[in-house]
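The values are calculated or read from the model by the stated rules, or taken from the named source; none is laboratory data. Keep in mind that this is a model prediction, so the values were computed, not measured. With ideal geometry, Cβ positions are generated from the backbone for all residues, glycine too; neighbour counts draw on all protein chains shown. Side chains included, ligands, DNA and RNA excluded: accessible areas come from the protein's heavy atoms. Shrake-Rupley method; radii C 1.70, N 1.55, O 1.52, S 1.80 Å.
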Amino acid sequence: MKSKLVILSLLLAGGIVTATAQTKEKFYSEKFGDNIFISVGGGAQLSTNPDNFDNSWGKAITPKVTLSVGKWFTPIWGLRGQVTGWETALRTDYNNGTYTENNGTYDMKYGTVEKIKKNYISGHADFLLNLSHLIGGYNPDRLFNLSIFGGPGVTAAKAYGSQNLVYNTNGTWVRNVDAGDVKFLINGSVGLLGQFNVSKYVDINIEARGEVSPTPFGKSTSSHTDGAVSLTAGVSYTFGGKKFVSCGAKIDTSHLMDEINKYRKALADAEAELAAARRALAEKPTTVTETTETLIAGPRAIFFQIGKTNIDDYGMVNIQLAAKIIKDNPNKKYKVAGYADKATGSASWNQKLSEKRAQNVYDALIKEGVNASQLEFVGFGGTANMFGKNMLNRVVILE
């Protein structure tokens, strides 16, 4: 007759597989050096100073270049530093005009529009959120991904120059403003980033950014706050290619049913053998034999979810039953052997994972009263198809 504990182990394994199927698949960057990218781009920018919108804003569009370095920690979120700059422009009539004097006061009117250009450089710290992966799930073959980003920044430009109003005798006036010193202006920005997935290494980017900051034009404008909207296009290169490791579970339902049916058949066979043994005993009334049911001391399996080392409730039941067997056989020694799925993760990660799983099972057995001298534990790292299926390699075997 088959051991009841073996049958229970099989059923528990089926329960673990079923529970794992309900876990949403997640991905992450396994190493810090993974998914680091560099981007370059260029395009156009428009200062949102109110003077521009009063004086033909289309003539205030200026060029802009960008250089970015960042990292995607998961397919959903990442961080990026961007340096950008070149030139910004202001179209204003604030600095000249005509006047009339009335009892010592001046009635001033603005005059002709002039275009003022100013060089600048900005730095941005952006938080990146990939909406496509967040909503639709991670798909490395998706052609287009849309992300939002935002964060603080700083702009360096000459600003806040002093001013001197000159009233000419011909009825005109001029505002003279010096270039000023380089100032660091704190800004904030948000934007959209569209990426066309060309290959594992390369993306084509289209980026729109809106930002607000103190004006870099200083006394040349009546506005104290400025900003900019920009549109750029460029290319990104990911060093080593895009690499995300799965840390969730994704199992085919048909495969689950096959496993569960297998466990059900094993239980039915055991019950049939038990019924046959009882009938055989009933046919021999002249012989009375006292029997004691003994749990068979054989290999035991405690399964784990992908990327996990904690023992769930199913595993603890299995450990408690195994502890009873070990304590009933005090002269035997047992090996607690941990394994991982070679198809997922690096060799170093799988080695640590297998050792931690074995350690946790070892500690759990000691807690259940097993003598430490009967146990030894070892991790064997990632194993390929030890039981024919990758998911069954995420296991600790007690033998």
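Projected area of segment 144-254, taken from the Cα convex hull and averaged over every viewing direction, in nm²?
12.1 nm²
Within 10 Å, count the other beta carbons around each residue, average over each peptide in 143-151, 100-108, 390-398, and list them highest first.
Result, highest mean Cβ count within 10 Å first: 390-398, 143-151, 100-108.
As a test of reading the structure, rank Tyr334, Tyr237, Tyr362 by solvent-accessible area (1.4 Å probe, protein chains only), most first.
These residues rank, largest area first, as Tyr237, Tyr362, Tyr334.
Looking only at Cα atoms, what is the convex hull volume of segment 312-399 per residue, in Å³?
So the per-residue Cα hull volume is 87 Å³.
Reported to two decimal places, what Rg/Rh ratio describes segment 66-147 when computed on Cα atoms with Rh from the Kirkwood expression?
Ratio value, two decimals: 1.40.
Tell me, in nm to one decimal, what length is gained between Lys200 and Ala44 on full extension, where the rule is 0.36 nm per residue of separation less the Cα-Cα distance?
53.3 nm
Calculate, axis by axis, the spread of Cα positions in segment 41-89 along the three principal axes, and write the results as whole Å, longest axis first.
The Cα atoms of segment 41-89 stretch 46, 18, 12 Å along their principal axes.
With no solvent and one point on each alpha carbon, what is the Debye value of log10 I(q)/I(0) for segment 316-356 at q = 0.34 Å⁻¹?
Log10 of I(q)/I(0), two decimals: -1.09.
Over 13 Å, how big is the tail of the calculated P(r) for segment 339-383, in percent of all Cα pairs?
For segment 339-383, the share of Cα pairs beyond 13 Å comes to 52 percent.
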